[in-house]
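The values are calculated or read from the model by the stated rules, or taken from the named source; none is laboratory data. Note that this is a predicted model, so its numbers are computed, not measured. Note that each Cβ is placed from the backbone with ideal geometry, even for glycine, and that neighbours are counted across all protein chains shown. Note: accessible area is taken over every heavy atom of the protein model, side chains too, but ligands, DNA and RNA are not part of it. Shrake-Rupley method; radii C 1.70, N 1.55, O 1.52, S 1.80 Å.
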Amino acid sequence: MARKNISSLHLPHNKHTDNVEPVRIETPEEVVLPMDMHSGDHAIPVVNVGDRVLVGQLIAKEGDRFSSPVHATVSGTVTEISEMVDQPYRLHLHGLAYDKSGELTNKPRRSKPTLAIHIKSDGKMEKDPGLKPPVFETADEFLQAIRESGCVGLGGAAFPTWAKLNEMKNPEYKVKHVLINAAECEPYITSDQWMMIKHPDLIDKGIAYMRKYLAEYLHDADFIICIEENKPRAIEAMKETFKDQKDVKIQVLKAIYPQGAKQVMLYNATGKVSIAGKRFPYFGAVIINVSSLAKTAEYLSTGMPLVERIVTVDGSAVKTPMVLEAPIGTRISTLLSYTGLKSDPGKIIIGGPMNGTATAGIDDPIVKVSNCILAFDEKEAVLPAPTACIHCGRCVNICPVGINVASVEPALAIEDENLRAKKLIDTGIRQCVDCASCAYVCPANRKLLQANGQAKRFLKNWEKTQSNGGKR
């Protein structure tokens, strides 16, 4: 269960681009679109090499459970459909191996391969003539339209937006609050901030659509736009946009990390404390990222699916930090050609420095959740080597959801899987929000975030095994 002294880590904001107007890049020569730009099953290509495609055209349909379609982000020709072993936003270690003493070994597991569709641009950015606003009258038709938009959680989780909203249909839930996550608590990132400043009309439309077409599930729910206090222009834009709407509240939150984590936001916005294993609507709330809401409204109004996004580009190796509007699938090297580099990057991260993931190379593409590209020089790229845990308790004290972090690594080393599962459950690890606060404060430089991730994956697989009668 989350504790009540929630959010306590003060980080340098480094919002170098909060006054830097977004710039739309020129059409890239090529885009690369992986089929796993969302949580859930990979999308399935519906085009072939040699096909000409247009902006907004469906090029990959949903897979099975909780999938999301993919659309062409430039007009041009499909030149390649090939396996992509290292996905650009999942390249950090997906679980680390532990020896019997509980120490980390240096044997990373890579994420499973996925297909990627390569499109060579013709420079025309010609839109699919079949694009038009979807027609919907009922809640189910409204959710189906969102499903077809390809919109996912753009704050980083990449959970299909339609699936998140669909949860409120459960008759056991009664939604009282729609939390619009505009905290953007990670250092450097200003993409959501610029969405609020430049496109408040889309956020207004998104709320209006939800209010009208999900009325039977929202009842008298209010809308709470949650923004950290270090974004005065965004706060002003939202207050002006919603000044005459009594059911929309602008909640100004302290700039404390990880303010944007859903459990943290739930408590700070509503006073409710989350419980492991319970979905958000159980607590009378649903949460949606502010850019996801805006992009959903854009599709519902125009018929244009999710094909581009706002990306912050910053870091110690970057010459001129910028905010760029770019087609999804644009290579990172293309974005860096706009900002320039002061030095060769020692590490490139997609996302923020706390929760982002390292890429395999400078030519990897941005994907749906790529709200930020950080290029760090060699000095900042090298992490100190981990040493033995000194049992100082800092990781436990800083955890915003009250996990006994120090006990996770020893529990992972237990050979008996049932005992390992019990010990891990006792730590509260299932509540982990992947904020990396524990790793940030650890004086021994333990790889606590990776250990937490491995623990959660183990428990998920173990629970599946239990539900199948012990069969894997």
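Whole Å is fine, so just give me how far the alpha carbon centre of segment 207-285 lies from that of segment 415-472.
Centre-to-centre (Cα) distance: 29 Å.
Between the DSSP loop rule and a limit of at most 11 other Cβ atoms within 10 Å, which trypsin sites (Lys or Arg not before Pro) in segment 1-71 are left? All intermediate terms of the calculation are to be shown ahead of the outcome.
Details: sites: Arg3, Lys4, Lys15, Arg24, Arg52, Lys61, Arg65; in loops: Arg3, Lys4, Lys15, Arg65.
Filter output for segment 1-71: Lys4, Arg65.
Please report how far the C-alpha centroid of segment 319-343 lies from that of segment 20-57, rounded to the nearest whole angstrom.
17
Do the sum for the chain: with -39,500 (n - 2.57) for every DSSP H run of n ≥ 4, divided by all residues, what is the mean residue ellipticity at 222 nm, to the nearest 500 deg cm²/dmol? Please list the in-between numbers first.
Numbers: 15 runs with 133 residues, N = 472.
Helix contribution divided over all residues of the chain: -8000 deg cm²/dmol.
What Cys residues in the chain are without a partner cysteine, judged by a Cβ distance under 4.7 Å?
So, Cys151, Cys185, Cys226, Cys372, Cys389, Cys392, Cys399, Cys432, Cys435, Cys442.
Round to a whole number: what % of the accessible area of segment 394-467 belongs to carbon and sulfur, probe 1.4 Å? Walk me through the numbers on the way to the answer.
On the way: 1560 of 3260 Å².
Heavy-atom surface of segment 394-467 belonging to carbon and sulfur, 1.4 Å probe: 48 percent.
Where both residues lie in the chain, what percent of DSSP beta bridges are antiparallel, nearest 5? All intermediate terms of the calculation are to be shown ahead of the outcome.
Details: 36 of 59 bridges.
In the chain, approximately 60 percent of DSSP beta bridges are antiparallel ones.
Under 12 Å between alpha carbons, and skipping anything fewer than 8 positions from Lys231 in its own chain: which aspartates and glutamates qualify?
The reachable aspartates and glutamates, counting only those whose Cα sits under 12 Å from Lys231, are Asp18, Glu184, Asp192.
Amide H neighbours of Met84 under 5 Å, counting only residues 5+ apart in sequence or on other chains, H built in-plane at 1.01 Å?
Under 5 Å from the amide H of Met84 lie the amide H atoms of Thr114, Leu115, Ala116, each far enough along the sequence or on another chain.
Which loop trypsin sites (Lys or Arg not before Pro) in segment 163-252, with loop taken from DSSP, have no more than 10 other Cβ atoms within 10 angstrom of their Cβ?
Taking segment 163-252 and a limit of 10 other Cβ atoms within 10 Å, the loop trypsin sites (Lys or Arg not before Pro) found are Lys243, Lys246.
Any idea which of Ile44, Ile288, Ala444 is furthest toward the positive side of the dipole for the chain, if Lys and Arg beta-carbons carry +1 and Asp and Glu beta-carbons -1?
It is Ala444, whose Cα lies furthest towards the positive end.
Where the only charges are on Cβ atoms (+1 Lys, Arg; -1 Asp, Glu), what is the dipole of segment 313-472 about its Cα centre, to the nearest 20 debye? Present the calculation step by step, with values, prior to reporting the outcome.
Working: 19 positive and 15 negative charges, 107 e Å.
Rounded to the nearest 20 debye, it is 520 debye.
Please work out the average accessible area per residue across the chain, using the 1.4 Å probe convention, and give it in Å². Can you show the working numbers first?
On the way: 20620 Å² over 472 residues.
Heavy-atom accessible area per residue stands at 44 Å².
Using θ = phi - 60° and the Karplus curve 6.51 cos²θ - 1.76 cosθ + 1.60, what whole-Hz ³J(HN,Hα) does each residue of segment 382-396 get, with Gly and Pro shown as x?
Result, ordered by residue: 8, 8, x, 5, x, 10, 5, 4, 9, 6, 7, x, 5, 5, 6 Hz.
Go through segment 359-376 residue by residue and turn each phi into a ³J(HN,Hα) via Karplus (6.51, -1.76, 1.60, θ = phi - 60°); whole Hz please, and just put x for glycine and proline.
Computed from phi, the couplings for segment 359-376 are 9, 7, x, 6, 9, 5, x, 7, 10, 4, 8, 7, 7, 7, 10, 10, 10, 9 Hz.
List the lysines whose Cα sits under 26 Å from the Cα of Lys464, skipping any in the same chain fewer than 8 residues away.
In chain and number order, the partners are Lys100, Lys107, Lys112, Lys164, Lys169, Lys262, Lys278, Lys422, Lys423, Lys456.
Which listed residue (Gly340, Gly329, Ser191) has the Cα farthest towards the positive end of the charge dipole for the chain, taking +1 on Lys and Arg C-beta and -1 on Asp and Glu C-beta about the Cα centre?
Ser191
So, with +1 on the Cβ of K and R and -1 on the Cβ of D and E, and no other charges, what is the size of the charge dipole of the chain about its Cα centre, to the nearest 20 debye? Kindly include the intermediate steps, with their values, before the conclusion.
Numbers: 58 positive and 55 negative charges, 312 e Å.
For the chain, the charge dipole is close to 1500 debye.
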